[in-house]
There are 4 protein chains.
Amino acid sequence: MIRFECDYAEGAHPLILKRMAETNLEQTTGYGEDAFCANARNIIRRLCGKETADVHFLMGGTQTNKTVIASVLRPHQGVLSATTGHINVHETGAIEATGHKILALPSENGKLTALQVEQAFLEHCNDANHEHAVQPGMVYISHPSECGTVYSRQELQALSDVCRRHRLPLFMDGARLGYGLAAENNDLSLSDIADLCDVFYIGGTKVGALFGEAVVITDDVLKKDFRYVMKQNGGILAKGRLLGIQFETLFSEGLYFEIAHHAVQMSLQIRDAFCAKGITFMCESPTNQQFPILTEEQIARLSEKYAFEHWKKIDATHTAVRFCTSWATRQDDVLSLIGDIW
Amino acid sequence: MIRFECDYAEGAHPLILKRMAETNLEQTTGYGEDAFCANARNIIRRLCGKETADVHFLMGGTQTNKTVIASVLRPHQGVLSATTGHINVHETGAIEATGHKILALPSENGKLTALQVEQAFLEHCNDANHEHAVQPGMVYISHPSECGTVYSRQELQALSDVCRRHRLPLFMDGARLGYGLAAENNDLSLSDIADLCDVFYIGGTKVGALFGEAVVITDDVLKKDFRYVMKQNGGILAKGRLLGIQFETLFSEGLYFEIAHHAVQMSLQIRDAFCAKGITFMCESPTNQQFPILTEEQIARLSEKYAFEHWKKIDATHTAVRFCTSWATRQDDVLSLIGDIW
Amino acid sequence: MIRFECDYAEGAHPLILKRMAETNLEQTTGYGEDAFCANARNIIRRLCGKETADVHFLMGGTQTNKTVIASVLRPHQGVLSATTGHINVHETGAIEATGHKILALPSENGKLTALQVEQAFLEHCNDANHEHAVQPGMVYISHPSECGTVYSRQELQALSDVCRRHRLPLFMDGARLGYGLAAENNDLSLSDIADLCDVFYIGGTKVGALFGEAVVITDDVLKKDFRYVMKQNGGILAKGRLLGIQFETLFSEGLYFEIAHHAVQMSLQIRDAFCAKGITFMCESPTNQQFPILTEEQIARLSEKYAFEHWKKIDATHTAVRFCTSWATRQDDVLSLIGDIW
Amino acid sequence: MIRFECDYAEGAHPLILKRMAETNLEQTTGYGEDAFCANARNIIRRLCGKETADVHFLMGGTQTNKTVIASVLRPHQGVLSATTGHINVHETGAIEATGHKILALPSENGKLTALQVEQAFLEHCNDANHEHAVQPGMVYISHPSECGTVYSRQELQALSDVCRRHRLPLFMDGARLGYGLAAENNDLSLSDIADLCDVFYIGGTKVGALFGEAVVITDDVLKKDFRYVMKQNGGILAKGRLLGIQFETLFSEGLYFEIAHHAVQMSLQIRDAFCAKGITFMCESPTNQQFPILTEEQIARLSEKYAFEHWKKIDATHTAVRFCTSWATRQDDVLSLIGDIW
């Protein structure tokens, strides 16, 4: 079975394991206060063009999302998100467990628009009974989204403008950020993102690390006491060095960008192969996930050799499925798949 | 200004104030453990045909909803509700503040169908990643709904059947239950409701009391330790006798049913008057709330003499508004309004 | 049975019921936005000497405590309190249910000292692992305390100084504030309290009202969005006028102070009677609660005619009990009790 | 600087890194549903003598504690713990953040006694106002405790008896369980622990793993839906295989027990060396942590070459400090330390 079902089917990029082995017996203090973490933080700050940003390392996406959101909001506030947002559908109510409603706005392609945020905010303010409703307190976006789509520079700028006008912190879930930066026609740099968002994270788990997400906080108000909230959410790793070592390895010489580029190239080959056969897609993805719409028969045939995820029933006879590539995807496996697309 | 904007614009039915004054200097123990409460509980049990039901008195709707839901659910569970449900839109995230997601299902008329609940439940169970999603743990309905509509006996039976088949406690928010029991063509008795729901409440605040909701729990499992959860939610009134006295007065000789009947008659007169002028409604309501769809000009004209609520923008030139009647609505005021409907 | 077991054994001061009856059929808007509430707010602001304070009305103590504390703290913060504090022992974990730890400091007499607060704060700051511990985020005191004791002006000044130096909002639970203002040798005015605390409440439930607590917020930062948090905690009463009417009645012509004075006089008579028989007390109380330490035999004898609360086992043969007086305590009942103290 | 400050100063036991490297490119499904995890679960079940136990892998101690406790308790319940318990002092209110009070019982040596639990439980039940207090809902113990002490078989049996008599689930935090099993004079086997506790965990982070805790649930009631609560708490690792591989390596051929034995031997050498110089200890520890009480001068001298933690001020001139050993502690470093103890 060749697995395209997710981007976390293997361990870590070999250079990470190598670095872990080399440093294994060095003694360090715990909880992310070691030299590896310090160095990784500096590298990331530099790449973001934000010397004064706070950088924190957490273990996984759900943990990071709930920590950031709980840290930002007051009790009566909620977070605006696309209905498709990971926090809204795939985290077992982790956000609600911290006491906050997710104010879900409809989305077909995984993205929010500046206009949607503006309208939701104004609708709340103009409601005579607004104190009886949850107050929008921040905006959550994922980039790339759960549908593989990305924001353009212009779209993100517009979102950022609305958010700043209404003092809504803008939070980007970058669990797959590498694949967004490597997306076809991408025009957003890390430094743009750091300028336009108030807090975001650079995903490691799905882009070459064993695990780990690097949170970057650029807004001074949001920096305060963030490590307390991390600890409360189980987000301070005892052997914090493991996160420092991984992000050092990924970012010190561009490895992160290289492997993301590879994954996206593999994905686009798959996309083009389906396209060439006249297959349509749930949405247009320039990143490492493709969502072709297949018949049951097509699914059955491909399932003999390949693992991929059933994503969404489209109609009685069609289902959108998901093919994921990653840093670890082999060209041979992609060619094999392409060959098997009737 | 004559107020039709809500069903809590006045104090309490005069008999309640009279009873309070008569008993004012009697000394009782606190926290609902007095003889007035005991008697009111017995009367309610009898009317529900459930000698073994637990009956508890709380102060208001939001408090009652959050107490019941927090008491029933485990952390990873959510509550199925219509999108229009009070808990979903008008309680400032009180349910989420107890840690639980509201699993909102679309509704045009304020009601949930048995089919919707069945589908939502099965969809969750059949999701390969169901552990990554909030588990439906109970069902919330309001009767009458926020749109003034009611469930028929058959509809409630069907909901109850689905819920019991899947072990989902069925919770009815009866903040306006009196008006439901008095609804045109109603075929549901208190005792039917007690049979078909696992927990529900009989609203006092909007039906003649100063304040107060009587929770009836018929399911033995849900009875356990409920008073602890009430206390935790600020729901045990020090002078609990005030609730006992009010519900005694409302239920010992049928006052509750009488005043609800009056309110509904007033409401139907208003409905018929709008109807006669060709006005349409947001939905058909046989209870004490009417939602005619008016033009800006019509709204402006009526606003000169009457207070009523703007409910929902229907299109560029029309808005659904709400006219509420109550136990206190005077026939003269209704006739005046009717006379002013062009 | 003559009841001295609590200060909420009767209904309300008759003037309150009278006012409710007089205004019963007036129509008002709901949720505390009526003219009665507006007027009560103004009266309270004036009495506190704080024209810009925010004043809000809630229904009971637990609800008020959890609303205020949840509104003030960030997730990683806790509230410093005496171990005896109501929030720590008698609210079924209502504060923890909002996500916050109570940082309990030992107290024999129900009070916190400025020194204790200072030390607790500094100990946290000086802990190398402070991010692994709950951060003190505010200070909760009750005045009078649960033991009947009060703060002197000097003590409250010292507490306030420490709190402001360390930016810890000081919150006074004034569920029995009237009895504190009427305490023997009291040197604190409402206006002193408004100067020295950042948020406090004036208890109605235990001082003549049917129910109700008036929260006064003097710190601008704490004012923001408080009504949202009230609503989330079920603390916005539909018929909010009921609270306005009660506080208007209590404060417009000094009724609150009068009835509190009466209660304290009754209490001091009881104290002096026990004293005269050589009985000692759990602590010295100049307010409406007395805690004499009695033998089982003495308790048994008094229990024949009087209800009072068993408070705390002192040793194998002695128990501290509580006698409470209130606005409703009759001089005859006190004389009867005094006569029965062997 | 030679570090004795904690038991997580290095990476992982080299065999673990080796196994990770060997399996790195194998593709597996995520979220702990892979063959490595399945195998590790079976090995652990076998070692515990509980073929039907549920075994789950989480990332760290705080996460595990909050997940287990949130999963077990209803909203009005709290967890009994020693005041010294990790959940009470070193997790930034993680338990309270899930809504639950920690009912802390005094402890000098980090342990709870059966008598303490019995008394706390009965005191609650016998309180006339018990509904106004948090209900004890489970018992948390750490073994070894935060003070290095362990429970004997008899002590744990007594605790278990009390807990079962009162239906209080007994939860053992085994973050350092290996060192407890290897403790001097230990008479508790893994299988005893599985018999006497209802849920416990076997710590990996501090005993040779990069990270990871293996939760073992023996009580059928507590098993239900545990993975949902894990996910909600960010406790389902995407690359769950990493946990499976680590626990497989630690337990398939006894490595866990071997390295724990080594650590304890190193610790006892340090203990004996201090003893021989007449130094006393904060408490008697037969495990991998030693808490000698030193003067400022002694601390200053040792600090030149060794890192260790300041634990607790004992008096004006003495402080208890902590020396930790681990699987990675080198005999040479211990000899060097011993040589430097004047």
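The values are calculated or read from the model by the stated rules, or taken from the named source; none is laboratory data. Because the structure is predicted, anything quoted here is derived from the model rather than measured. Neighbour counts are summed over all protein chains in view; Cβ atoms, including those assigned to glycine, are modelled from backbone coordinates with ideal geometry.
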* Of all residues in segment B:27-43 being touching a residue at least 24 places away in the same chain (Cβ under 8 Å) and at the interface with chain C (Cβ under 8 Å from one of its Cβ atoms), the one that is farthest from B:T205 (Cα to Cα) -> B:T28
* Only residues that are touching a residue at least 60 places away in the same chain (Cβ under 8 Å) and touching a His at 6+ places or on another chain (Cβ under 8 Å): list them for segment B:242-296, please. => B:T249, B:L250, B:L255, B:I259
* **Test for B:I259: is it on the phi < 0 side of the Ramachandran plot, touching a strand residue (DSSP E or B) at 6+ places or on another chain (Cβ under 7 Å) and outside the structural domain of B:I202 (by TED's automatic domain parsing)** => no
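For segment A:325-336, give me the residue count where each residue is surrounded by fewer than 22 Cβ atoms within 10 Å (Cβ to Cβ) and either β-branched (V, I, T) or part of a helix (DSSP H, G or I) (or both).
Here is the first cut: in segment A:325-336, the residues surrounded by fewer than 22 Cβ atoms within 10 Å (Cβ to Cβ) are A:330-336.
Among the residues that remain, those that are also either β-branched (V, I, T) or part of a helix (DSSP H, G or I) (or both) are: A:331-336.
Here the count works out to 6.
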* Asked: D:A128 versus (1) surrounded by 24 or more Cβ atoms within 10 Å (Cβ to Cβ); (2) part of a loop (DSSP other than H, G, I, E, B): which is the lone unmet condition?
  -> (1)
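Working carefully through the options B:G148, B:G137, find the one that is surrounded by 24 or more Cβ atoms within 10 Å (Cβ to Cβ), in the same structural domain as B:D219 (by TED's automatic domain parsing) and among the small types (G, A, S). Quick ask: steps written out before the conclusion?
Numbers: B:G137 fails: surrounded by 24 or more Cβ atoms within 10 Å (Cβ to Cβ).
Sole residue among the options that is surrounded by 24 or more Cβ atoms within 10 Å (Cβ to Cβ), in the same structural domain as B:D219 (by TED's automatic domain parsing) and among the small types (G, A, S): B:G148.
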* Asked: Is it fair to say D:H100 is farther than 29 Å from D:H262 by Cβ and surrounded by fewer than 20 Cβ atoms within 10 Å (Cβ to Cβ)?
  -> no
* Asked: Any idea which of (1) buried (at least 24 other Cβ atoms within 10 Å of the Cβ); (2) not aromatic (F, W, Y); (3) not in a loop (DSSP other than H, G, I, E, B) is the one B:S160 doesn't satisfy?
  -> (1)
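Results for (1) crowded, with 24+ Cβ neighbours inside 10 Å; (2) of a type in the set (A, V, I, L, M, F, W, C), shown as yes or no for each residue.
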| residue | (1), (2) |
| --- | --- |
| B:V79 | yes, yes |
| B:A82 | yes, yes |
| B:G85 | yes, no |
| B:V89 | no, yes |
| B:G93 | yes, no |
| B:L115 | no, yes |
* List, please: which pairs have Cβ atoms under 6 Å, are six or more places apart or on different chains, and start with a residue in segment B:228-241 that is closer than 23 Å to B:V72 by Cα and end with one that is aromatic (F, W, Y) and modelled with pLDDT of 95 or more? -> B:I236/B:Y31
* **Residue match in segment B:6-23 (condition: surrounded by fewer than 16 Cβ atoms within 10 Å (Cβ to Cβ) and either in contact with a Phe, Trp or Tyr (Cβ under 6 Å, 6 or more places away or on another chain) or part of a loop (DSSP other than H, G, I, E, B) (or both))** => no
* Asked: In this structure, is D:E10 facing chain A (nearest Cβ under 7 Å), more than 20 Å from D:V215 (Cα to Cα), in contact (Cβ under 8 Å) with a residue 40 or more places away in the chain and of a type in the set (D, E)?
  -> yes
* Kindly indicate whether any position in segment C:216-225 is within 11 Å of another protein chain (Cβ to nearest Cβ) and over 21 Å from B:M230 (Cα atoms). => yes
* Structure fact -> Residues of segment B:22-52 being in contact with a Lys or Arg (Cβ under 9 Å, 6 or more places away or on another chain), of a type outside the set (S, T, N, Q) and farther than 18 Å from B:G240 by Cβ, in sequence order, are B:E51
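Among helices (runs of 4 or more DSSP H) lying entirely in segment D:204-321, which contain 3 or more residues that are surrounded by 18 or more Cβ atoms within 10 Å (Cβ to Cβ) and of a type in the set (G, A, S)? Walk me through how you get there before you give the answer.
Values: elements: D:220-223, D:226-232, D:241-252, D:255-276, D:296-303.
Hits in segment D:204-321: D:255-276.
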* Asked: within 15 Å of the chain's Cα centre (by Cα) and not aromatic (F, W, Y) - does that describe any residue in segment A:115-134?
  -> no
* Please go through segment C:213-244 and pick out each residue that is under 22 Å from the mean Cα position of the chain (by Cα) and of a type in the set (D, E, K, R). => C:E213, C:D219, C:K223, C:R227, C:K231
* Conditions: (1) farther than 11 Å from A:L80 by Cβ; (2) assigned to a loop (DSSP other than H, G, I, E, B). A:L168 meets all but one. Number of the miss? -> (1)
* Asked: Quick check, is B:L47 within 14 Å of chain C (Cβ to nearest Cβ) and over 26 Å from C:K231 (Cβ atoms)?
  -> no
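Which one is farthest from the other protein chains (Cβ to nearest Cβ) among residues in segment C:127-143 that are β-branched (V, I, T) and closer than 22 Å to C:G61 by Cβ?
If we filter segment C:127-143 for residues that are β-branched (V, I, T), which is where we start, we get C:134, C:139, C:141.
Imposing the further condition that a residue be closer than 22 Å to C:G61 by Cβ reduces the set to C:139, C:141.
Details: C:V139: 17, C:I141: 20 Å.
In this case the residue turns out to be C:I141.
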